[in-house]
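Take a look at the structure set out below.
The values are calculated or read from the model by the stated rules, or taken from the named source; none is laboratory data. Note that the structure is predicted; figures quoted are calculated from it, not measured. No Cβ is skipped: glycine too gets one built from the backbone with ideal geometry, and neighbour counts run over all protein chains shown. The area values use the complete protein model at the heavy-atom level, side chains included, leaving out ligands, DNA and RNA. Shrake-Rupley method; radii C 1.70, N 1.55, O 1.52, S 1.80 Å.
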Amino acid sequence: QVQLVESGGGLVQPGGSLRLSCAASLSTFSIYTMGWYRQAPGKQRESVATIISSGGTNYADSVKGRFIISRDNAKKMGYLQMNSLKPEDTAVYYCNVRRINANYWGQGTQVTVSS
């Protein structure tokens, strides 16, 4: 059974930073595309950032220049560094890994940006 475990969420003031981590129980983690998604109350889940096996990245326009996605294939870990956080970044953040015929989700971690 594949498990993805997120950590690092919490309450932060506007302008602050958080670093989310995702631990994957996948022996072949390095060949998967990894992504971070978020879902705010009353809204659909949206893609925040993705990183492919070769390291190429893609970001939602709303987080470009503020968030950085990265991965450590040896440790089977993914990360999302979130800087200059805004109240509109408040959401549950989910880790996702996927490839052909496989798609896995973590349980989510709450990020709240509020003064």
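On a per residue basis, the convex hull of the C-alpha atoms belonging to the stretch 1-103 measures out at 106 Å³.
Within the full protein context, the accessible area of residue 86 is estimated at about 80 Å² for a probe radius of 1.4 Å.
On full extension, the segment bounded by residue 5 and residue 107 gains 36.0 nm, given 0.36 nm per residue less the C-alpha separation. Atom-type composition of the exposed protein surface of the stretch 9-53 places 48 percent of the accessible area on carbon and sulfur (1.4 angstrom probe).
Note that the chain presents 53 Å² accessible area per residue, ligands and nucleic acids not counted, probe 1.4 Å.
The label-point distance for residue 39 and residue 53, in a model that sets each label 7 Å from Cα toward Cβ, rounds to 2.8 nm. Shape summary of the stretch 60-106, radius of gyration then Dmax from alpha carbon positions: 12.8, 36 Å.
When all alpha-carbon pairs of the stretch 1-61 are counted, what percent fall beyond 12 Å?
On the way: 1401 of 1830 pairs.
Tail of P(r) above 12 Å: 77 percent of Cα pairs.
Here the 3J(HN,Hα) profile of the stretch 14-29, calculated from phi with Karplus coefficients 6.51, -1.76 and 1.60 at θ = phi - 60°, is x, x, x, 10, 9, 10, 8, 10, 9, 9, 10, 9, 10, 5, 10, 3 Hz, Gly and Pro shown as x. Atom-type composition of the exposed protein surface of the stretch 74-115 places 47 percent of the accessible area on carbon and sulfur (1.4 angstrom probe).
Multiplying the residue separation of residue 46 and residue 61 by 0.36 nm and removing their Cα-Cα distance gives an extension gain of 4.2 nm.
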